[in-house]
Structure formats: C-alpha cells, structure tokens
1. Roughly how far apart, in whole Å, are the Cα centres of region 47-68 and region 208-272?
2. Can you give the charge dipole size of the chain about its Cα centre, rounded to the nearest 20 debye, using +1 on the beta carbon of Lys and Arg and -1 on the beta carbon of Asp and Glu?
3. Taking the mean number of other Cβ atoms within 10 Å as a proxy for protection, how do you rank 207-219, 230-242 from highest to lowest?
4. In whole Hz and in residue order, list the ³J(HN,Hα) couplings for region 163-178 that follow from phi through the Karplus curve 6.51 cos²θ - 1.76 cosθ + 1.60, θ = phi - 60°; x for Gly and Pro.
5. Stick to the Cα atoms of region 246-307, pair each with every other, and give me the Kirkwood hydrodynamic radius in Å at one decimal.
6. For a quick check: with amide H placed at 1.01 Å from N, whose amide H comes under 5 Å from Gly146's, ignoring anything fewer than 5 positions away on the same chain?
7. Could you give each residue of region 42-47 its phi-based ³J(HN,Hα) in whole Hz, using Karplus coefficients 6.51, -1.76, 1.60 with θ = phi - 60°, and x for Gly or Pro?
8. Go through Pro136, Gly200, Gly20 and say which Cα lies farthest out towards the positive end of the charge dipole of region 2-238; charges sit on Cβ, +1 for Lys and Arg, -1 for Asp and Glu.
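Quick note: the coordinates plus some simple rules give every number you see, no bench work behind them. This structure is a prediction, so every number in the text was calculated from the model and none was measured. Note: ideal-geometry Cβ built from the backbone for every residue, glycine included; neighbour counts use all protein chains shown.
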Amino acid sequence: MLQIGNLQLAQPTVLAPMAGLTDRVLRQLMDEIGGCGAMVSEMIAAEGLRRRNRRTMEMIAGFSTRSPQFIQLFGAKPEALAEAAAIVSAETGYAGIDVNMGCPVPKVVRSGAGSGLLQDVPRLAQVVGAVRRSTPLPLTVKVRLGFNQVNVTETTRVIEQEGADAVAVHFRLRSDGYKGSARWELAAALKESLRIPLLGNGDIMTLDFALEKLRLVDGVLIGRGALANPFLFREIAGRETAERDWGGYVRRLADLIAEHYPERKRLGKLKAFTRFLVLSRPGTRSWKRRIFLSQDFREARGFLEETFPCA
Ligand SMILES: Cc1cc2nc3c(=O)[nH]c(=O)nc-3n(C[C@H](O)[C@H](O)[C@H](O)COP(=O)(O)O)c2cc1C
C-alpha cells in the first residue's frame, strides 16, 4: 500500500501526467479498466487557473472515478502556483496536487517553469513551500534527474523539507529529452536518502519491468506504457498478464472521444491515443499508417473497429 499524505492508494501505480493525453477521456477509461492507484491530469497552467481562464476551467472540469485523481500545475511564480492550488482545494474534487518540475519544452523552461525550476533551487523551494501552505491536499512534485547535470538528491531533499508528501522522479535529465534509457540505477540510493515516498518513472512498458522497478521504489508512474497497453495497471495489480479486450478498448475510446470533443478535434485525439498502441503490438505498423491517413474520425474509428473485433 502506498500512502501519500493522508491518501492511501490501493496500488503503488500512477498514470503519469501527459499533456494532450491524460485528459478526461483517458482518465475515465483507465479508471474503468481498473488497477491504477492514482491518475494525474494534463499539466495545467497555474496562471490560467488563477485567472479562471475559460479553457483552463474546461480542462479541469471534475468527474468522479474510483481511483483518486491529482491535478498537475505548472508555473514559475510561487504565488501563482499557491493561488491555483488554493482554488483546486476549495472548489474542485481533485484528491491531490502535483507540481510540474520536469517539462523540457523550451518555451516552458524559458519562463522558469517545468524543468527550468531544477536550475534554480531557491525558487524551487519557494514554490513547494508556497503551495504547501496553500493547500491541505496531498502534495507531490515531479522532477527529472537534473537540468544538464544530476542534482536530484539536492532537489528532492529540498522538496521533502518544504513539506511535499511524495516525489516523482523521471530518471532522465532535461537535456536527455526522451533519448536513451531512463537511469533507474540511481533509484536505490535516492530512495535511501528520502523519508517521503519515492515514485519512479521512465520506460515502464511491461509487467515484468514494472514489478522489477517496484522493488526499488515505493511506487511507479507510467505514461507511454499505459497507452501502449491500457491493461498494464490491471496486470500489475494482479501480477499476471490479463486478458486484453482490445475490441472493447478501442470502441470505448472512440465513444468517449465523441462524447467529449467536437467533431473537428476527434480525429486528432484518436490519432494521439492510438499512436502508442504499436509499441505493445509489434508488426502493426500498417494499421498505424491507415489511421494516420484517415480523412475523418468516422473512417479511423471504422478501421480500428475492423482491426480489433469485439471479444
Ligand atoms: C506526449 C507526452 C506528454 C507529456 N506531458 C507531460 C506533462 O504534462 N507533465 C509532466 O510532468 N510530464 C509529461 N510528460 C512526461 C511523462 O509524464 C513521463 O515522465 C515520461 O513520458 C516518461 O515516462 P514513460 O516512459 O512511462 O512514458 C509527457 C510525456 C509525453 C510522452
């Protein structure tokens, strides 16, 4: 059992935040499949939330799920993040708050947010402290190993001192982007140095890899692997490969996209979610191509349903 602040997770597994992907559709679907300990939203701009920007408010609209949902905030200013966290705590049903200190996108970094905070430890400390004082909700912070050089022992120590309830580490540097392999060899020593739970992240694509990493850390965050195999959380919870109802998955995915997005956005969303499926299904590049060549949502959906018949 993994405990984050006063929140007990039924499983030590978390759906990692992914912009454009861990929206309402994916979180609802993952929750229906089951087995996931908690889920994190797409990254949400603290400034947008604080100003109650209409699009931001739409992105954070609540819905109930069995596994708790965290909202991920990003920003550079401690007061903006604190104010956004206070709004989330007072006005939404989110179970916890995660602060983004890992995003490598140049525009985000230049503004001092995301992994930019890893280069400025005093500001990082101010951010965590300010958010901590503004919310009673469980608070986690997601970092990378460092910006250009590893400083994760220092950043996570400060994050712990400033009152976060857990820390999630993507075992790559900002300068690595998504290249190479995540450096899980650093996990054991880092765990030793912390009192709060350590959630590890990076390259978990299979059940065996997840179980191996769960021996090193308190919990794992899974991003792309959950899109490649949406049954992965259930498999980890049951510790064995589950029956994978691909037909049911693609139909439900398409239904939820149609329910929550206007026509002009549906095809793009379907492509975004399904492009990762090939990673767990070798030899399926040809259908990936067909989806990408589809002219509209109906065509792509029809093709997916043909490829993945109902069980
Ligand atoms: C398309 C995409 C969007 C992402 N968006 C976010 C984000 O909004 N916030 C964040 O902290 N990490 C984001 N990440 C990073 C993931 O949370 C995770 O750290 C990374 O993908 C490594 O984990 P994985 O190998 O399990 O995918 C994103 C990753 C991808 C592939």
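1. Centre-to-centre (Cα) distance: 22 Å.
2. Working: 44 positive and 33 negative charges, 194 e Å.
Dipole of the chain, to the nearest 20 debye: 940 debye.
3. For the peptides 207-219, 230-242, the packing ranking is 230-242, 207-219.
4. x, 5, 8, 6, 10, 10, 10, 7, 7, 9, 7, 4, 5, 7, x, 10
5. Details: mean 1/r = 0.0864 Å⁻¹.
About 11.6 Å for region 246-307.
6. Excluding prolines and chain starts, which carry no amide H, the hits are Asn151, Arg174.
7. After applying 6.51 cos²θ - 1.76 cosθ + 1.60, I find 5, 6, 10, 5, 4, 5 Hz.
8. Result: Gly20.
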